[in-house]
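Here is the structure we will look at.
The values are calculated or read from the model by the stated rules, or taken from the named source; none is laboratory data. All figures in this text were calculated on a predicted structure; none of them were measured in a lab. No Cβ is skipped: glycine too gets one built from the backbone with ideal geometry, and neighbour counts run over all protein chains shown. Keep in mind that these areas ignore ligands, DNA and RNA; they rest on the heavy atoms of the full protein, side chains included. Shrake-Rupley method; radii C 1.70, N 1.55, O 1.52, S 1.80 Å.
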Amino acid sequence: MVEQRNYDDRDGWIWFDGTLVPWREANVHMLTHALHYGSSVFEGQKAYGGEIFKLSEHSARLRRSGELLGFDIPWSVDEIDAACREVLKANELVDAYMRPLAWRGSEQMGVSAQRTRIHLAIACWPWGAYFGEEAVKKGLRLDIAPYRRPAPYTAPIHSKASGLYMICTLSRHHAQARGFDDALMFDWRGQVAEGTGANAFFVRDGALHTPTPDCFLDGITRRTVMDLARRRGIEVVERVIWPEELETFEQMFLTGSAAEVTPVASAGPWNFEVGEMTLQLRKDYLDLVNRRSNA
């Protein structure tokens, strides 16, 4: 299937508040609270061979994200799981990226939103390598983001809330304008945090190091890769990482549902090799998601 440019003009079906509607008709009013105040949460998940990887974990996190923003999604985890499977089947897809989104509606305008209705929609479409196949081979070139991940006392940082991605978009645009693929973000303390939409890992002396997720999402793919590494007997060290340490690491990679496991060739002034451990863990992850889909 050829990738279409505009996401609002496609054939297919979107699950919208309990009903499958034609893709082009899945619209909201311009006075929707979420458009004005960022009161929405979402998930990113992938289907391999017709099975959505760790679907219930994603659905549970979606509900938890809503709770952290002060609203309850009026569908259970099981119901969200079923809706995701329904929309995948309706679009006749077996390998796809999937985006559930929950948001506050247009019943109330202003910062307060207690009377707004909570909506849920789910779309899916074919989406290959997030960064492109060439980046997987050569490794990403990361800039250092101009914005930092906020402190836990300034935002609901454990919610996959749309508003928290504003600085990610700005940071990635800044990086791409300067010829980079993406950006590495530090946190409010100046510690290494993550990419603009993916968690970060580093390799040194046969061990795997990753920042403690105390101000950014503890990704589902992140935890999966940590488990895969431990199965291979690789030591996994979850800890504070300062930028001055980056010159001591041999390899770096990013993880996420869309990114999967993507090697990094450089981050700012620091260079890394696309090494054996990175490639092995990438293979292990792809084997896992495809093996589960064929089980």
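Name the residues in segment 255-295 that are aliphatic (A, V, I, L, M) and either more than 29 Å from PRO100 (Cβ to Cβ) or over 22 Å from the mean Cα position of the chain (by Cα) (or both), would you?
Here is the first cut: in segment 255-295, the ones aliphatic (A, V, I, L, M) are 258-259, 261, 264-265, 267, 274, 277, 279, 281, 286, 288-289, 295.
Correct list: ALA265, ALA267, VAL274, MET277, LEU279, ALA295.
Looking for whichever is open to solvent by less than 100 Å² (accessible area, probe 1.4 Å) and more than 18 Å from ALA90 (Cβ to Cβ) here; the options are ALA34, ALA26, ALA47. Which one fits?
Result of the check over ALA34, ALA26, ALA47: ALA34.
How many residues does segment 182-206 contain that are surrounded by fewer than 23 Cβ atoms within 10 Å (Cβ to Cβ) and of a type in the set (Asp, Glu)?
Going through segment 182-206 one residue at a time, the tally reaches 2.
Mind counting the residues in segment 162-212 that are part of a helix (DSSP H, G or I) and more than 18 Å from the chain's Cα centre (by Cα)?
Residues in segment 162-212 being part of a helix (DSSP H, G or I) and more than 18 Å from the chain's Cα centre (by Cα): 4 in total.
Considering each of TYR147, TYR97, TYR130 in turn, give the residue that is closer than 23 Å to THR212 by Cα and either part of a loop (DSSP other than H, G, I, E, B) or in contact (Cβ under 8 Å) with a residue 24 or more places away in the chain (or both). Break it down into steps so the answer makes sense when it comes.
Values: TYR97 fails: closer than 23 Å to THR212 by Cα; TYR130 fails: closer than 23 Å to THR212 by Cα.
It is TYR147.
Of everything in segment 237-254 that's crowded, with 19+ Cβ neighbours inside 10 Å and part of a strand (DSSP E or B), which residue is nearest to the chain's Cα centre (by Cα)?
Residue satisfying both the conditions and the ranking: LEU254.
Would segment 28-36 turn up any residue that is assigned to a helix (DSSP H, G or I), of a type outside the set (S, T, N, Q) and in contact with a strand residue (DSSP E or B) (Cβ under 7 Å, 6 or more places away or on another chain)? Spell out the reasoning first.
First pass over segment 28-36, keeping only residues assigned to a helix (DSSP H, G or I): 33-36.
When the remaining residues are screened for being of a type outside the set (S, T, N, Q), the result is 33-36.
Going one step further and asking which of them are in contact with a strand residue (DSSP E or B) (Cβ under 7 Å, 6 or more places away or on another chain), we end up with 33-34.
Yes, some residue in segment 28-36 is assigned to a helix (DSSP H, G or I), of a type outside the set (S, T, N, Q) and in contact with a strand residue (DSSP E or B) (Cβ under 7 Å, 6 or more places away or on another chain).
Any idea how many residues of segment 50-70 are out of contact with any Asp or Glu (no Cβ under 7 Å at 6 or more places or on another chain) and open to solvent by less than 10 Å² (accessible area, probe 1.4 Å)?
Adding up the residues that qualify gives 1.
Select from segment 255-288 the residues that are of a type in the set (A, V, I, L, M, F, W, C) and surrounded by fewer than 21 Cβ atoms within 10 Å (Cβ to Cβ) and write down the one among them that is farthest from THR224 (Cα to Cα).
The extreme case among them is TRP270.
For residues in segment 108-127 being free of Cβ contacts under 8 Å to residues at least 60 places away in the same chain and either among the acidic types (Asp, Glu) or assigned to a loop (DSSP other than H, G, I, E, B) (or both), which is surrounded by the most Cβ atoms within 10 Å (Cβ to Cβ)?
Applying the filter and picking the extreme gives ARG117.
May I ask you to list the residues in segment 227-268 that are hydroxyl-bearing (Ser, Thr, Tyr) and touching a Leu at 6+ places or on another chain (Cβ under 8 Å)?
If the condition is that a residue be hydroxyl-bearing (Ser, Thr, Tyr) and touching a Leu at 6+ places or on another chain (Cβ under 8 Å), then THR262, SER266 are the ones that fit.
On the basis of being out of contact with any Lys or Arg (no Cβ under 6 Å at 6 or more places or on another chain) and touching a residue at least 60 places away in the same chain (Cβ under 8 Å), does GLY197 make the cut?
Considered against the rule, which asks whether it is out of contact with any Lys or Arg (no Cβ under 6 Å at 6 or more places or on another chain) and touching a residue at least 60 places away in the same chain (Cβ under 8 Å), GLY197 comes out as yes.
Pairs needed: first member in segment 49-63, within 13 Å of THR221 (Cβ to Cβ); second member anywhere, modelled with pLDDT of 95 or more and buried (at least 18 other Cβ atoms within 10 Å of the Cβ); C-beta distance under 6 Å; at least 6 residues apart or different chains.
Hits for this filter: PHE53/LYS46; PHE53/VAL289; LYS54/ILE220; GLU57/ILE220; HIS58/GLU43; HIS58/GLN45.
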